1. For segment B:197-284, compute Rh as the Kirkwood radius over C-alpha pairs and then the Stokes-Einstein diffusion coefficient at 25 °C and 0.890 mPa s; write the answer in µm²/s, rounded to an integer.
2. In the full protein assembly as shown, how much of B:W159 is accessible to a 1.4 Å probe, in Å² to the nearest 10?
3. Net charge around A:G103, counting only other residues with Cβ within less than 12 Å of its Cβ (Lys, Arg = +1; Asp, Glu = -1)?
4. What is the spin-label model distance, in nm, from A:K74 to B:W252 if the labels are put 7 Å beyond Cα along the C-beta direction?
5. Which entries of A:K74/B:K3; A:K74/B:K59; B:K3/B:K278; A:K74/B:K282; A:K54/B:K59; A:K54/A:K96 show an alpha-carbon separation above 26 angstrom in the structure shown?
6. Do you know which residues of segment A:65-92 lose at least 40 square angstrom of accessible area in the protein assembly compared with their chain on its own, with a 1.4 angstrom probe?
7. Leaving ligands, DNA and RNA out of it, rank A:V60, B:V205 by accessible area with a 1.4 Å probe, largest first.
8. Given a Förster distance of 22 angstrom, what is the FRET efficiency for A:S88 paired with A:E59, based on the Cβ-Cβ distance and rounded to 0.05?
Amino acid sequence: MVFNTGAALLDAIVLAVVSREPEGTYGYKITQEVRQVIDLSESTLYPVLRRLQKDECLEVYDMECSGRNRRYYKVTSQGWAQLKLYESEWRQYADKITSLFEGGSSTT
Amino acid sequence: MNKEGFMSSLEGLLADIPTAEREEALQYYNDYFEDAGWENEESVIRSLGSPRKIAENIKAELKGEELPEKAKAGDHAVVKYGQIVPVGEGISEEKALGAQDHKRENLNASGAGQNDSVVGEYGNASEKYDSGAYRSVEYVDSAKKLENSGQGWKNLPVWAIILIICLAVIVLPGAVGILTGIVGALAGILAAWFGLILCGGAVGVGLIATAIALSVIAFLCLVASPAVFALIFGVGLLCGSGGLIAMALTGWLAGSATPAIFKGVGRFLHFCARKIRKLWRKYF
């Protein structure tokens with residue numbers, strides 16, 4: 001992976017991954033899924049989750065699972081709004097860069 | 001290293017953050033190991049990297065949250081729910097506006113050129129973004145960057161530095177006078193104290209000498225007149241005891257009281273210094 005993933009983009013990616021599970025998902029699973037998309041150091045993810053939690057984009061709840069408590073993360077309504085924002089930001093950003101790359105070779 | 005070693009290492013490294021945060025983090029990574037499965041313990045440790053890195057990231061993120069309250073030079077804009085909240089100066093909005101058509105700022109774009117001071121909710125050092133160098137994702141030694149930007153003299157705006165210099169020049173003559181006065185007063189007090197001690201010693205010695213002399217005279221008169229002897233000897237004894245008391249007092253003053261006073265003053269100054277240092281760190 002050639003391009004850096006900035007902090008905001010990282011937030012967006014994690015938020016998007018968690019949003020795929022409306023009932024919420026847990027740390028290890030989130031990490032695995034994020035790593036399918038970008039090459040992320042596993043030591044990076046926890047601070048991102050913490051931050052999203054503090055920004056009230058994610059909420060946590062514990063669920064009993066095979067004898068131990070597992071902490072689940074779930075997107076809040078604010079989180080959905082923020083995700084929409086990230087999505088539109090990304091679309092505009094990506095479109096601009098795409099047109100820049102393509103514009104160079106066309107005669108428009 | 002195994003899981004226990006890893007976790008206890010991490011716990012130690014996180015000793016200086018609030019308990020609740022530390023417990024949460026440790027719980028998270030414990031769960032992580034469990035979810036990965038015991039058979040994957042080694043590969044998890046390898047991919048997590050070092051406990052030190054993890055602790056750094058956690059602390060960096062914690063610190064990053066404090067900054068939005070204190071707007072300082074080179075601070076950031078936060079994108080939140082469609083609003084720009086520009087914080088502090090240094091990152092010009094023009095830069096941000098110029099970069100894109102609409103009034104949005106992406107931290108990454110703003111990062112260009114502002115190396116160690118783009119810090120914020122995202123707690124990331126931006127220097128890795130703007131160079132265009134292709135590096136893999138690294139969530140960075142943002143802890144170090146944060147330390148620098150939070151507490152560096154160099155990040156004061158130029159006008160502030162000039163202002164401080166002018167104030168210093170204006171205040172200096174008066175300050176010198178006042179300082180001299182204070183030093184003089186302190187010296188005087190010190191001199192008086194030691195003079196007192198010296199005096200006490202002298203008085204003690206003198207009285208004892210008198211006592212001895214009187215005793216001698218008294219004994220000389222013993223033969224001539226017992227009454228006179230008694231009188232003179234009595235006075236001599238009084239002088240002697242007075243002298244001994246004086247010597248004892250002087251000894252105590254010099255030996256115990258003086259060091260105790262110095263210690264007390266020292267402790268007080270130490271306390272003041274610590275308070276000043278705390279304030280200093282808070283605002284710089």
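1. On the way: Rh = 16.3 Å.
Rounded, D is 150 µm²/s.
2. Counting only protein heavy atoms, B:W159 exposes about 150 Å² to solvent.
3. It works out to a net charge of -1.
4. 7.5
5. Details: A:K74/B:K3 28 Å; A:K74/B:K59 24 Å; B:K3/B:K278 38 Å; A:K74/B:K282 35 Å; A:K54/B:K59 15 Å; A:K54/A:K96 32 Å.
Violating the 26 Å Cα-Cα cut-off are A:K74/B:K3; B:K3/B:K278; A:K74/B:K282; A:K54/A:K96.
6. For segment A:65-92, once contacts with the other chains are taken into account, A:R68, A:R71, A:Q82, A:L85, A:E89 lose 40 Å² or more.
7. Working: A:V60 45, B:V205 85 Å².
Most to least solvent-accessible, the answer reads B:V205, A:V60.
8. 0.40
The values are calculated or read from the model by the stated rules, or taken from the named source; none is laboratory data. None of these values were measured; they are calculated from a predicted model. No Cβ is skipped: glycine too gets one built from the backbone with ideal geometry, and neighbour counts run over all protein chains shown. Accessible surface is based on the protein model in full, side chains and every heavy atom, while ligands, DNA and RNA are left aside. Shrake-Rupley method; radii C 1.70, N 1.55, O 1.52, S 1.80 Å.
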